[in-house]
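Note sheet for the following structure.
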Ligand SMILES: *Cc1c(COP(=O)(O)O)cnc(C)c1O
């Protein structure tokens, strides 16, 4: 039997004992006893759905990111949907976003009958490039959804400048970027609308949940309407007032409410955000230091205007210096019990988006972004979450070194 065949059979492709005995996931929540106690307290009280805990969570969250208003919703995806609705996105509009993101950043346009348009990423930051946004603007463009990929803020000044010039709404997808800053100013206070997610892999969790922040009172009112079926109760806003019981549905809204059970968890998690961020930064710094010395990989470039929240740590392989593919290196790291991932397949490559682009031939015409394509072929996400120990981080470093020495040329 040849060596090649043996390697196919054996999971431990780099050979020897795996670096770890147990599997280290790429991300995971951090729940303490005080989180459990906060949720239990709500369960013993009067309010389960949207009540005082949601209001308190919104207040604290807005204060934390420096925004005037925050509206809690049932997921980051709901937050994107609500933000697009508040921005007035509708049938026939175009919404420009990054191809290198979770599908929800583009789906939010489709939910409202608008068309997602992809502007390619910058080869250094992997964030949407203002120059590419400019190229994609048409008379139909309504909004830009910049995504702070991995937690590093996009270059917002030129994006805001483009938006002003073309009268567009900017909705930041900050699902990766709670705690990040652009030119020293916290993400959440800088654009018309900013969207966060509280999925368990994100900076803080409510199980499922999301938030939209804004400084605009009118947008705030639209967000409130949208998350609660389009219901209006304020007497002065009713079309006709039939009595104290009376409310009206004045738009097509959804039930996107967050519960008090979840908000209590959110509040208690928010208290620990600084600690979580410090751990993420410390692990990212360890990785940077270790991998800067490895010529077969590129560590994540950090722009001078950006202070990343380090949601993800993405290594880019220099495939010209490696005799193994990204897939082989990925599988070798998994065999070392390191829970690597890939973020992301360019959104327009998903079959649903291909059918959308051209239902007959499934081509990518109009969507294709060469920079995102090139990156997708060579990126690997390493485990990064605050509950990781220094020992866990050392295991990741050891595994990367082991696998890269196995995979390097010559
Ligand atoms: C997680 C995520 C979302 C969606 O958030 P959910 O809370 O899972 O709905 C949107 N955009 C990006 C970039 C994300 O990472």
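Which of the following residues is in contact with a helix residue (DSSP H, G or I) (Cβ under 7 Å, 6 or more places away or on another chain) and within 8 Å of the ligand (Cβ to nearest atom): 97, 77?
None of the others qualify; the one that does is 77.
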Enumeration of residues in region 180-209 that are assigned to a strand (DSSP E or B) and more than 14 Å from the ligand (Cβ to nearest atom) = 181, 182, 185, 186
Before we move on, is residue 61 in contact with a helix residue (DSSP H, G or I) (Cβ under 9 Å, 6 or more places away or on another chain), assigned by TED's automatic domain parsing to the domain that holds residue 170 and crowded, with 24+ Cβ neighbours inside 10 Å?
-> yes
Which condition number in (1) more than 17 Å from residue 145 (Cβ to Cβ); (2) buried (at least 24 other Cβ atoms within 10 Å of the Cβ); (3) more than 16 Å from the ligand (Cβ to nearest atom) is the one that residue 227 fails?
-> (3)
Taking the stated definitions as given, is residue 287 closer than 15 Å to residue 384 by Cα, in contact with a helix residue (DSSP H, G or I) (Cβ under 8 Å, 6 or more places away or on another chain) and more than 16 Å from the ligand (Cβ to nearest atom)?
-> yes
If you go through region 179-188 one residue at a time, how many are within 17 Å of residue 144 (Cβ to Cβ) and surrounded by fewer than 24 Cβ atoms within 10 Å (Cβ to Cβ)?
-> 1
Flag if residue 133 is free of Cβ contacts under 8 Å to residues at least 40 places away in the same chain and within 13 Å of the ligand (Cβ to nearest atom) | no
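Residue by residue, here is whether (1) buried (at least 24 other Cβ atoms within 10 Å of the Cβ); (2) assigned to a loop (DSSP other than H, G, I, E, B); (3) on the phi > 0 side of the Ramachandran plot; (4) outside the structural domain of residue 366 (by TED's automatic domain parsing) holds:
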site: 133; (1), (2), (3), (4): yes, no, no, yes
site: 144; (1), (2), (3), (4): yes, no, no, yes
site: 154; (1), (2), (3), (4): yes, yes, no, yes
site: 164; (1), (2), (3), (4): no, no, no, yes
site: 177; (1), (2), (3), (4): yes, yes, no, yes
Any hit, region 376-390, residues being over 30 Å from residue 276 (Cα atoms) and either at pLDDT 95 or above or in a helix (DSSP H, G or I) (or both) | yes
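Return the only residue of 250, 262 being under 24 Å from the mean Cα position of the chain (by Cα) and either farther than 30 Å from residue 221 by Cα or assigned by TED's automatic domain parsing to the domain that holds residue 58 (or both).
When all the criteria are applied, what remains is 262.
With the condition kept exactly as written, say whether any residue in region 300-307 is touching a helix residue (DSSP H, G or I) at 6+ places or on another chain (Cβ under 6 Å) and touching a residue at least 12 places away in the same chain (Cβ under 8 Å).
No, region 300-307 contains no residue that is touching a helix residue (DSSP H, G or I) at 6+ places or on another chain (Cβ under 6 Å) and touching a residue at least 12 places away in the same chain (Cβ under 8 Å).
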Look through 55, 79 and report the one residue that is buried (at least 20 other Cβ atoms within 10 Å of the Cβ), assigned to a helix (DSSP H, G or I) and either at pLDDT 95 or above or touching a strand residue (DSSP E or B) at 6+ places or on another chain (Cβ under 6 Å) (or both).
-> 79
So residue 158 clears everything in (1) over 12 Å from the mean Cα position of the chain (by Cα); (2) touching a residue at least 40 places away in the same chain (Cβ under 8 Å); (3) not in a loop (DSSP other than H, G, I, E, B) except one condition, right? Which one?
-> (2)
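The values are calculated or read from the model by the stated rules, or taken from the named source; none is laboratory data. For clarity, every value in this text was computed on a predicted model and none was experimentally measured. With ideal geometry, Cβ positions are generated from the backbone for all residues, glycine too; neighbour counts draw on all protein chains shown.
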